[in-house]
Amino acid sequence: MGGAGVNDLPWALRALVLTVFVVVYYKYAKAALFALCRRAAHSLPFGRRWDASERGGVLELAAAGASHVLVVALLVLVTGIDLTRFLAGAGRLDLIALGAAIGVGEVALGSLLCRVLIEGVQARGRRRTGSVRGARTVPATTGGAVETAPRTTTRDFGWSAVRRAVPAQRPGAVRSPEDGGERTRQWLGLSRGGWIRHHLKTMESLSLPLALTLTAVQVGSEEVVFRGLVLTWLRDAGPVLAIAASCLLFTVMQVFLMSSWRAAMFPVVGAIVMGITHSVLFWHYPVLLPLVVAHVTFFLFAVA
């Protein structure tokens, strides 16, 4: 099916073709498609059940699923890969249960890694803040040292939103568990921005069967693209390079359409965990069903 000239390219050039394809579709084409959906939400005849924002969200989610299917079809034509060989075991309950268990494990590991990153970055910010405040103390006329008015200079780290929300502490003060918990909750709130917040709001507007169907189409297509097609087309590069390329493309795709790097943190960490796990499993056991179920499970936990 695929053109012989394309399939005869060295694996590095094939990886470049895939990279261009991922950037064009996931960054630019989806942005244009979503903008079109938002405009259509104001002109198409909908009932009064949803407001304009909810109508746009539903259209975007449906358009994302449909466009993913078209992307899969296009890549199949380009690569000539027969996807039917990856559909073995469709409907097997044991594979479905295995996929759900994998998804829950990935959510747990991703959440743990995010918590570790949050705590580590907060600790670094506190050390820097303490050093800045310590440098700004002036000698008192009666002996000792008096601290001048505290001022946080953290613009280069992008923490202003978090720091403004929680009152700063005096140097040497013991940080209460409540303060740490509040900062962590704010971090988690920021990390669920961008398309995660958008999908959450949209899925709340839909019935559960319809929300699950649209979600399964979208994330199932991503598994087909980044595991079924990318790993198979780059298989001659060897497991290390093929898996690295698949994970890198899958991770980079997550940051598109996110509002900030903090908002992209949880998707990126989750993509690394999921990308490595799914790629290794698919490399040795090329069956897509449990990976799709795991991806849906992870997605539902992420937006729940």
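Per-residue answers, yes or no, for (1) under 20 Å from Tyr26 (Cα atoms); (2) touching a helix residue (DSSP H, G or I) at 6+ places or on another chain (Cβ under 7 Å); (3) among the hydrophobic types (A, V, I, L, M, F, W, C):
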| residue | (1), (2), (3) |
| --- | --- |
| Met203 | no, yes, yes |
| Trp233 | yes, yes, yes |
| Pro239 | no, yes, no |
| Leu257 | yes, yes, yes |
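Residues of the stretch 251-275 that are open to solvent by 40 Å² or more (accessible area, probe 1.4 Å) and either in contact with a Leu (Cβ under 8 Å, 6 or more places away or on another chain) or more than 20 Å from Ala211 (Cβ to Cβ) (or both): Val252, Val255, Ser259, Ser260, Trp261, Ile272.
Take Arg39 and tell me if it is open to solvent by 40 Å² or more (accessible area, probe 1.4 Å) and more than 19 Å from Leu206 (Cβ to Cβ). Spell out how you get there, then give the answer.
Working: open to solvent by 40 Å² or more (accessible area, probe 1.4 Å): yes; more than 19 Å from Leu206 (Cβ to Cβ): yes.
Spelling it out, Arg39 is indeed open to solvent by 40 Å² or more (accessible area, probe 1.4 Å) and more than 19 Å from Leu206 (Cβ to Cβ).
The listed residues are Val6, Val104, Val20, and the only one of them that is β-branched (Val, Ile, Thr) and free of Cβ contacts under 8 Å to residues at least 40 places away in the same chain turns out to be Val20. Any residue in the stretch 57-77 that's more than 11 Å from Ala29 (Cβ to Cβ): show its pairings with residues that are at pLDDT 90 or above and not in a helix (DSSP H, G or I) at Cβ separation under 9 Å, as long as the two are six or more apart or on different chains. Correct list of pairs: Leu75/Ile81; Val76/Asp82. Screening Ser259 on (1) assigned to a helix (DSSP H, G or I); (2) farther than 24 Å from Leu75 by Cβ; (3) not β-branched (Val, Ile, Thr) shows it passes everything except condition (1). Only one entry in Val76, Val71, Val104, Val121 is β-branched (Val, Ile, Thr) and under 21 Å from Ile276 (Cα atoms), namely Val104.
Any chance the stretch 107-122 includes a residue that's out of contact with any helix residue (DSSP H, G or I) (no Cβ under 6 Å at 6 or more places or on another chain), part of a helix (DSSP H, G or I), open to solvent by less than 50 Å² (accessible area, probe 1.4 Å) and without any contact (Cβ under 8 Å) to a residue 60 or more places away in the chain? Yes: one or more hits.
If I filter the stretch 44-66 for residues that are open to solvent by 70 Å² or more (accessible area, probe 1.4 Å), closer than 20 Å to Gln254 by Cβ and out of contact with any Asp or Glu (no Cβ under 6 Å at 6 or more places or on another chain), do I get at least one hit? Within the stretch 44-66 (the criterion being open to solvent by 70 Å² or more (accessible area, probe 1.4 Å), closer than 20 Å to Gln254 by Cβ and out of contact with any Asp or Glu (no Cβ under 6 Å at 6 or more places or on another chain)), the answer is no, since none of the residues qualifies. Checked against (1) in a helix (DSSP H, G or I); (2) closer than 25 Å to Leu200 by Cβ; (3) open to solvent by 10 Å² or more (accessible area, probe 1.4 Å); (4) not hydrophobic (A, V, I, L, M, F, W, C), His278 meets all criteria but (3).
Residue-by-condition table, conditions (1) buried (at least 22 other Cβ atoms within 10 Å of the Cβ); (2) more than 25 Å from Ala73 (Cβ to Cβ); (3) touching a residue at least 40 places away in the same chain (Cβ under 8 Å):
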| site | (1), (2), (3) |
| --- | --- |
| Ser205 | no, yes, yes |
| Glu223 | yes, no, yes |
| Val230 | yes, no, yes |
| Gly238 | no, yes, no |
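The values are calculated or read from the model by the stated rules, or taken from the named source; none is laboratory data. These numbers come from a predicted model, not from an experiment. Glycine gets a Cβ as well: all are built from the backbone with ideal geometry, and neighbour counts include every protein chain shown. When the accessible area is computed, the model is the full protein with side chains, heavy atoms only, and any ligands, DNA or RNA have been set aside. Shrake-Rupley method; radii C 1.70, N 1.55, O 1.52, S 1.80 Å.
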